[in-house]
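Chemist: Let me give you the structure first, and then I'll get to my questions.
Bear in mind these aren't lab numbers, they're just calculated from the coordinates by the rules spelled out. In this text, all values refer to a predicted model and were calculated from it rather than measured experimentally. All Cβ positions, even for glycine, are placed from backbone atoms using ideal geometry, and neighbour counts span all protein chains on display.
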Amino acid sequence: MERIKCLIIGSGPAGYTAGIYAARANLKPVLYEGNQPGGQLTTTSTVENFPGYPNGINGYDMMNDMRAQAEKFGVDMRHGLITSVDFSHRPFSLTIDGTTQIEADTVIIATGAAAKYLGLDDEKKYSGRGVSACATCDGFFYRKKTVAVVGGGDTACEEASYLSTLAAKVYLVVRKPFLRASDIMQKRVLENPKIEVLFEHNTLGLFGEPKIQGMHVVEKAGSPQERRYDIAIDGFFLAIGHKPMSDVFKEYINTDAEGYIITEGSGPCTNIPGIYAAGDVADPRYRQAITAAASGCKAAIEAEKYLASFE
Ligand code: NDP
């Protein structure tokens, strides 16, 4: 059976950065790219907040550059999904695509998180043309425009507040008659003259050609007061939570109630020595490319130290 010194799972900024550091430390890393090589950023239009790119960079190009940098130092890039693991013994055992077995001395989990979507066909139709799950990434394109944010939690309130500094008008579409967000965030939203909170509203669809021009909504669905109408918008932001991609590891690795991998302090160490988590899979709070890259670096350094302790 193939035995790998340092196995990296995931190909976003965390995985590629871990690869760069691990390869330079001569750990001969193997990196499994998963279903979406490059991760979430490949679906973002322009990245303008990653230091080093004063003119911004296309998310897809940035990930290609990170990949090329990792390959340059010898990271062995492979396609495939980790379908099961056995972390009960060392070396750790992993199965790729349900068939291939490998062993690894250290594992860096950098599988990321996926934004949740409502499941509307129109979300796919307008992907990259007005639908976004990241206000920090894409809000800038809606200066002086009208946008909608879906959700009633802290993220939705934070995104709505942020967007209100750019957009002319922000609708916050909340399915319940109240917000779930913390009091301070609720207050900030409710007192903001640019934000209109639409309680007990659900989105039915989006319309417009070629970009979004509006959304179909329903108020108080299923009640005698049910009302269906359209609202003109230019951008549609989802803020209904993220799902960390940790399911396959949960039998062995500690996660919180949402599935985020729990690490020690702000570092990458999990409950099992030799197994590290980096990037969004362990980060419910920041979820930025730069913070993911930094944690990938930390994970590779920890893996190196761990392996060195056996020499
Ligand atoms: P939450 O799970 O807290 O909130 C999700 C929101 O989306 C809820 O209002 C929920 O509605 C709504 N929602 C979920 N599914 C749907 C759907 N299908 N249709 C319409 N609405 C939907 O997620 P967040 O990302 O907001 O927060 C995650 C965690 O991170 C929380 O613990 C939060 O406190 C924390 N956080 C903290 C911040 C801070 O302290 N500054 C900033 C951001 C997040 P409903 O209420 O009806 O379930």
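Chemist: I need the calculated FRET efficiency for the pair Glu311 and Lys176, taking r as the beta carbon distance and R₀ as 51 Å, to the nearest 0.05.
Modeler: 0.35
Chemist: Once you put a point 7 Å from the Cα of Asp154 and another 7 Å from the Cα of Lys72, both along the Cβ direction, what distance in nm separates them?
Modeler: About 3.9 nm, to one decimal.
Chemist: In region 4-73, which chymotrypsin sites (Phe, Trp or Tyr not before Pro) fall in coil by DSSP and have 15 or fewer other Cβ atoms within 10 Å?
Modeler: Phe73
Chemist: Quote the Stokes-Einstein diffusion coefficient, in whole µm² s⁻¹, for the chain, based on the Kirkwood radius over alpha carbon pairs, a temperature of 25 °C and a viscosity of 0.890 mPa s.
Modeler: 119
Chemist: Take the alpha carbon gyration tensor of region 235-307, find the square roots of its eigenvalues, order them as a ≥ b ≥ c, and report rounded if a/c is under 1.5; if not, report prolate when a/b exceeds b/c, else oblate.
Modeler: oblate
Chemist: In whole Å, how far is the Cα centre of region 254-311 from that of region 142-171?
Modeler: 31
Chemist: To the nearest 0.05, what FRET efficiency results for Glu251 and Leu81 with a Förster distance of 25 Å applied to their C-beta separation?
Modeler: Here the calculated transfer efficiency is 0.90.
Chemist: Dipole of region 41-157 (Lys/Arg Cβ +1, Asp/Glu Cβ -1, origin at the Cα centre): which of Met77, Thr95, Val107 lies farthest to the positive side?
Modeler: Working it through, the farthest residue towards the positive pole turns out to be Met77.
Chemist: Of the residues Thr255, Thr100, Thr136, which exhibits the maximal mean-square fluctuation in a Gaussian network model of the chain defined by a 10 Å Cα contact cut-off?
Modeler: So, out of Thr255, Thr100, Thr136, the one fluctuating most is Thr100.
Chemist: Another one. At 0.36 nm per residue, minus the direct Cα-Cα distance, what do Lys144 and His89 gain on full extension? Give it in nm, one decimal, please.
Modeler: Gain on extension, Lys144 to His89, equals 14.1 nm.
Chemist: Follow-up question, since we're still on this one. Rounded to the nearest 10 degrees, what's the angle between the helix 59-72 long axis and the longest principal axis of the chain, both from Cα atoms, 0 to 90?
Modeler: Around 0 degrees separate the two axes.
Chemist: May I ask for the net charge around Ala22, where only other residues with Cβ less than 14 Å from the Cβ of Ala22 are counted and Lys, Arg are +1 while Asp, Glu are -1?
Modeler: Computed value for this residue: +1.
Chemist: Just the Cα atoms of region 89-130: what Rg and Dmax do they give in Å?
Modeler: Here Rg and the maximum Cα pair distance are 17.9, 48 Å.
Chemist: Per DSSP H run of at least 4 residues, take -39500 (n - 2.57); add these up for the chain, divide by its residues and hand me the 222 nm value, nearest 500 deg cm²/dmol.
Modeler: Rounded to the nearest 500, it is -7000 deg cm²/dmol.
Chemist: For the pair Asn271/Ala168, report the inter-label distance in nm, with labels modelled 7 Å from Cα in the Cβ direction.
Modeler: Placing both labels 7 Å beyond Cα along the Cβ direction yields 5.3 nm.
Chemist: Specify the inter-centroid distance of region 51-126 and region 226-250, based on alpha-carbon positions, in whole Å.
Modeler: 23
Chemist: Taking Cα atoms, how many degrees apart are the long axis of helix 13-24 and the longest axis of the chain, rounded to 10 and kept between 0 and 90?
Modeler: Between the helix axis and the principal axis of the chain, the angle is about 20 degrees.
Chemist: Does region 1-135 come out rounded, prolate or oblate, given a ≥ b ≥ c as the square roots of the eigenvalues of its C-alpha gyration tensor, rounded meaning a/c under 1.5 and, failing that, prolate meaning a/b above b/c? Please report the intermediate quantities before stating the final value.
Modeler: Details: a/c = 2.86, a/b = 1.49, b/c = 1.93.
Oblate.
Chemist: Plugging the Kirkwood radius over Cα pairs into Stokes-Einstein for region 184-251, at a temperature of 10 °C and a viscosity of 1.306 mPa s, what D comes out in µm²/s?
Modeler: Roughly 106 µm²/s, to the nearest whole number.
Chemist: Right, here's the next one. How many nm separate the modelled label positions at Arg227 and Lys124, each set 7 Å beyond the Cα in the direction of the Cβ?
Modeler: With each label placed 7 Å out from Cα toward Cβ, I get 3.3 nm.
Chemist: Here's a follow-up. Return the single residue from Ile301, Ile109, Ile184 with maximal mean-square fluctuation; model: Gaussian network over the chain, springs between Cα atoms under 10 Å.
Modeler: Comparing Ile301, Ile109, Ile184 in a Gaussian network model of the chain, the most mobile one is Ile184.
Chemist: Every cysteine in the chain with no other Cys Cβ under 4.7 Å from its Cβ, please list them in numeric order.
Modeler: Within the chain, the cysteines lacking a partner Cβ under 4.7 Å are Cys6, Cys157, Cys269, Cys297.
Chemist: On to the next question. Helix 289-308 against the longest principal axis of the chain: what's the angle in degrees, Cα atoms only, rounded to the nearest 10?
Modeler: 20
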